[in-house]
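Structure first, then comments.
Computed from the coordinates by the stated procedures, all read-outs in this text should not be read as laboratory data. These numbers were taken from a predicted model, which means no experiment stands behind them. FYI the Cβ positions are ideal-geometry reconstructions off the backbone, even for glycines, and counts take in every protein chain you see.
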Amino acid sequence: MEIVLVLIILAIAVTLFATEWIRMDLVSLMVLLALGLTGLVSVEEAFSGFSNPAVITVAAMFVISASIASTGATGKLGEKLLQVAGSSETRLIIVIMLTVATFSAFINNIGSTAVLMPLVITIARKTNIPPSKLLMPLAFGSLMGGVCTLIGTPPNILMNALMEQYTGESFSMFDFTPVGVAIVATGTLYMAFIGRHLLPKRKAGTLTEAYQVKEYITEVEIKADSPLAGKTITESGLDSEFNLKVRGILREKKKIPNPRRNHKLRIGDILFIEGNPEGILRVRKQKGLEVVPERDNPVLLDSKQSKEMVVVEASLTPTSELVGKTLREVRFADTHGLTVLAIWRRGAPVVKRVDHVELRFGDVLLLQGAEEKVLHLGKEHDFLLLGGVPNVSYYPRKAPIALLILGGVVLLAALGILPIMLSATLGAVGMVLLRCLTPREAYESIDWSIIMLIAGTLPLGMAMENSGAARFLADGLIGVVGPYGPWIVLGALFLLTSVLTEVMSHAAAAVLIAPIAYNTALELAVSPKPFFMAVAIAASSCFMTPISHQSNALVMGPGGYHFLDYTKAGAALNFSIWILSTALIPLVFPF
């Protein structure tokens with residue numbers, strides 16, 4: 001009965017993780033409560049995830065990664081490395097992927113991607129290469145680099161902690177490196193010579209000279225002095241003169257979707273126009289239109305202010321306080337003094353009132369306002385500025401100190417002087433004490449949704465082990481592929497983890513598969529170490545969907561990618577890494 005109950009909870013959890021009907025961190029807490037209320041684990045076990053070494057280590061690594069980024073150390077180094085690539089698209093892809101992979105081996109994947117993305121977009125502009133040809137390789141390189149060291153990605157840290165819990169053994173800092181380096185080399189060559197031909201070619205823009213012009217949906221109101229009043233859409237010249245499409249009209253609370261071209265415009269009409277930012281800004285000045293993203297607090301520009309204004313794209317990071325809120329809720333224009341002209345999400349413009357849109361991680365906002373206010377937004381409110389203003393580092397003089405602390409964390413763990421949990425925590429505290437970032441910034445740098453997700457799903461792994469559900473699933477796996485030997489079983493386990501990771505959090509997938517991996521090794525009477533490593537690497541091998549990892553989601557808006565672009569470029573990469581890892585892991589850690 002306990003096995004059935006655990007499997008039901010597992011099935012519901014996987015479904016909710018995959019569909020995202022409910023936030024993943026909330027789902028993990030629901031799982032935790034369900035296990036405690038049903039008695040499948042004790043109350044102490046239900047909440048033990050919050051004190052798990054893996055959770056503490058992941059939190060500490062978030063702080064260390066943020067410290068490295070905030071000093072500008074990686075940005076300056078990345079800028080110099082990317083300069084050596086010249087203007088060749090192939091060389092650029094190789095240098096970009098190797099650079100971000102190196103960074104990701106020691107700091108958070110998404111932090112590496114975020115630091116290098118503005119540089120890559122700038123290089124794309126200078127070399128006239130579409131950003132869509134370079135940004136997906138950047139994201140993929142960060143994922144592959146993460147598997148090169150113990151601290152490179154949360155699944156590695158998690159599998160190390162769980163293996164120590166199950167077997168008393170642990171991975172050293174560079175146990176992942178042989179397989180990780182082979183994966184980086186294979187993935188880089190694939191993207192440079194095959195994958196790049198599968199990437200979309202979307203034109204680079206000229207508005208901010210640093211980002212791709214996209215077709216945004218923007219709201220404008222026809223003012224009393226507008227020459228458009230009384231004219232039809234055809235007569236207005238919006239299409240012929242400015243290459244703008246009228247996708248809808250809001251007239252006295254009545255919506256008119258896809259109006260006919262002979263439809264007459266009136267004073268007070270709110271038009272939903274689609275086009276690039278340059279055309280939207282020109283028509284605003286020439287046709288008596290007013291941008292109205294937030295009607296309660298519009299930001300109006302006079303002639304003196306307009307000279308100091310910039311138009312820039314900014315992407316929401318996972319830790320931004322705006323995620324899950326609307327612009328109206330946070331009174332964005334009033335609070336920040338900036339106008340949101342439009343929103344771009346998952347490769348398409350958002351066709352609705354922008355102030356009513358619930359913002360998500362990875363959304364790209366087209367902002368207009370004073371450069372000083374834009375810089376403040378990027379520095380204090382976790383926005384990634386993609387063009388139009390310089391990206392500033394906060395504490396550049398602290399860069400050598402931050403790098404020394406990171407080196408100390410790696411060295412202490414690699415030599416076995418301190419456990420990784422202790423060395424990482426020591427490094428995080430050192431970053432704050434030596435003012436590489438403030439205590440407030442340290443707390444804000446931690447992605448608490450990931451922490452809650454891991455802490456909430458760890459008890460499910462315990463319940464699977466305690467109830468016998470893990471052994472039941474392991475027996476099923478062995479029954480299907482066991483006769484072909486441990487090598488094939490390891491490959492099947494890798495494939496199962498990889499598939500799960502495409503539709504749910506990589507950390508959650510690793511936690512759920514870990515007890516199955518352990519019981520599979522026991523049933524086969526072989527070492528569990530290669531199985532734990534396979535699960536860790538598979539959990540980071542997620543290239544086929546933008547929702548599989550935050551790095552993939554982060555480049556979607558700036559790159560103008562669609563969902564299937566990831567599948568086209570990533571399917572063969574996933575397959576190659578599956579075959580390569582299955583072949584190499586048992587050679588590094590024999591059965």
**OP:** Mind checking which aspartates and glutamates have their Cα closer than 19 Å to the Cα of Lys253? Skip sequence neighbours fewer than 8 apart in that chain.
**Re:** Glu219, Glu221, Asp269, Glu290, Glu294, Asp296, Asp355
Original post:
Ordered by packing density, taken as the mean number of other Cβ atoms within 10 Å over each peptide's residues, highest first, how do 119-130, 14-25 rank?
Top reply: 119-130, 14-25
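Under a Cβ-only charge scheme (Lys and Arg +1, Asp and Glu -1), can you give me the dipole magnitude of the chain about the Cα centre, in debye to the nearest 20? Show your work: numbers first, answer last.
Working: 48 positive and 46 negative charges, 450 e Å.
Result for the chain is approximately 2160 debye, rounded to the nearest 20.
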Original post:
What does the highest-first list of 41-53, 494-506, 217-229 look like by mean Cβ count within 10 Å?
Top reply: 494-506, 217-229, 41-53
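Determine the sum of side-chain charges near Gly416: Lys and Arg each +1, Asp and Glu each -1, restricted to other residues whose C-beta is under 15 angstrom from that of Gly416. Present the calculation step by step, with values, prior to reporting the outcome.
Values: positive: none; negative: Glu164, Glu169, Asp175.
Cβ neighbours under 15 Å give a net charge of -3.
Quick check on packing: order 136-142, 99-105 by the mean number of other C-beta atoms within 10 Å, highest mean leading. Please report the intermediate quantities before stating the final value.
On the way: 136-142: 30.1, 99-105: 27.6.
The packing order, highest mean first, is 136-142, 99-105.
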**OP:** Report the calculated FRET efficiency for Arg23 and Thr438 (r = Cβ-Cβ distance, R0 = 41 Å), to the nearest 0.05.
**Re:** 0.90
**OP:** Would you mind checking Lys126/Lys201; Lys325/Lys379; Lys80/Lys133; Lys133/Lys245 for any pair whose Cα atoms are more than 24 angstrom apart?
**Re:** Lys133/Lys245
**OP:** Report, in degrees rounded to the nearest 10, the 0 to 90 angle that the Cα long axis of helix 73-83 makes with the longest principal axis of the chain.
**Re:** 70 degrees
